[in-house]
Amino acid sequence: MADSIAATSLIGYRPICTGLTAREPSLRRKSSSNSCRFPVKELAAGGIVCARSSLPKLRTSRLVNLSIKALATEVTKEAYAYREDERIPRTWKYSTDSGVDRKPGLWPPENRADKPSLHNPLLRQERMGCGWLGVIFEWEGVIIEDNPDLEKEAWLALSQEEGKSPPREYMLKRVEGMKNEQAISEVLCWSRDPAEMRRLSARKEEIHQSLQGGIYRLQNGSKEFVKVLMHYKIPMALVSTRPRKILENAIGAIGIEGVFTAIVAAEDVHRGKPDPEMFIYASQLLNFIPERCIVFGNSNQTVEAAHDSRMKCVAVATKHPLYELSAANLVVRRLDELSVVDLKNLADIESPEFGSVEPEMELEEESEPSTSVGADIFW
């Protein structure tokens, strides 16, 4: 009877280890292993006091230091929990917009204009129009005035000088927009030797420059439109099949140095129009995906090359009539007819032209019941 009462009394009370209860987290392990061992010396009111000799000697300063460190850790976690990167719920799987590609050097770059973290549609629209799209200009016929007769005269003069058969009219139309080496080897079929093609190409450019006389005139409305793009800080690239030295001299003569972020000349590409190589390389130099670039040209070869590279195209009717350039996304007579709002609408890649539209399921037509009873019975 006495033993059962003693056991019940031991179960009903919590051990007290030198005045500290065993529920303390810092002493739970040590008190269970070393401090609370029986036999019990004395029974206090509301608890059992263990032998003082079996307890480890704890220092008060150590306990205070541990509690301060734990409190500092919790405060640091709370401070970092409210950073900008953590305010978005993790279930959304959104990444904050830092304005810089997270993996530089990879192509294509990240589409920074349609960030889901930009919840304000006005902010997204503003950022898309002010530096979130790129513009690619052709040189002749868009920025400066173009005389297509000079190009034909240069080819005819080169053929007479080299003793070649003069190119016919359809050949001259086909070589428009091509590199000189490409036209010499693929269309005119004068030579396929790389050194000879470079020599003929350089001589043809010399003849063209002598016929032109080094006089360049800006196209009507081009200077005003370029100023608008510079005001909104929209990056611009210049594309041409002329040599770089000729382009730099012409830009200096007109007085528009420092306007273009990138210049793509004949030395930078292997093929000219209608191959989209020039425009794709220009978009890489601008660090934009092709869908965010708008090409300005004056021929159907430009329209074809721009659409092949998944870019929008604005045709300027300086060489062909308006109805012949209807394949372009926009057709204008002068560049100053456009506004930044037009460029925003063109750069909107949410259009079904660039989206992956799922094919529609065709409904099978229900076959009408056969009226020939004899044929059904026969089969």
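Just a few scattered comments:
- Residues of region 213-229 classified as loosely packed, with under 14 Cβ neighbours inside 10 Å and part of a helix (DSSP H, G or I), total: 2
- From the list Ala305, Ala347, Ala317, Ala282, the lone residue that is over 28 Å from the mean Cα position of the chain (by Cα), surrounded by 12 or more Cβ atoms within 10 Å (Cβ to Cβ) and either under 20 Å from Ser240 (Cβ atoms) or at pLDDT below 90 (or both) is Ala317.
- The residues in region 229-254 that are closer than 16 Å to Val269 by Cβ and of a type in the set (Asp, Glu) can be counted, and the count is 0.
- Scanning region 241-268 for residues that are at pLDDT 90 or above and of a type in the set (D, E, K, R) gives Arg242, Arg244, Lys245, Glu248, Glu267, Asp268.
For every residue, the table says whether it meets (1) assigned by TED's automatic domain parsing to the domain that holds Glu267; (2) touching a residue at least 12 places away in the same chain (Cβ under 8 Å).
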site: Glu153; (1), (2): no, yes
site: Lys164; (1), (2): no, yes
site: Pro167; (1), (2): no, yes
site: Met178; (1), (2): no, yes
site: Gln182; (1), (2): no, yes
site: Ser191; (1), (2): no, no
site: Glu224; (1), (2): yes, yes
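- Annotation for region 233-248: no member residue is polar (S, T, N, Q), surrounded by fewer than 18 Cβ atoms within 10 Å (Cβ to Cβ), in contact (Cβ under 8 Å) with a residue 12 or more places away in the chain and assigned by TED's automatic domain parsing to the domain that holds Thr302.
- Candidate set from region 126-156 (those that are at pLDDT 85 or above and in a helix (DSSP H, G or I)); member that is nearest to Met311 (Cα to Cα): Glu151
- Verdict on Val341 being modelled with pLDDT under 90, surrounded by fewer than 10 Cβ atoms within 10 Å (Cβ to Cβ) and not small (Gly, Ala, Ser): no
- Subset of region 269-286 (residues that are in contact (Cβ under 8 Å) with a residue 60 or more places away in the chain and within 11 Å of Met311 (Cβ to Cβ)): Phe279, Ala282, Ser283
The values are calculated or read from the model by the stated rules, or taken from the named source; none is laboratory data. Everything quoted here is computed from the prediction, not taken from an experiment. In this analysis, Cβ positions are derived from the backbone assuming ideal geometry, glycine residues included, and neighbour counts consider all displayed protein chains.
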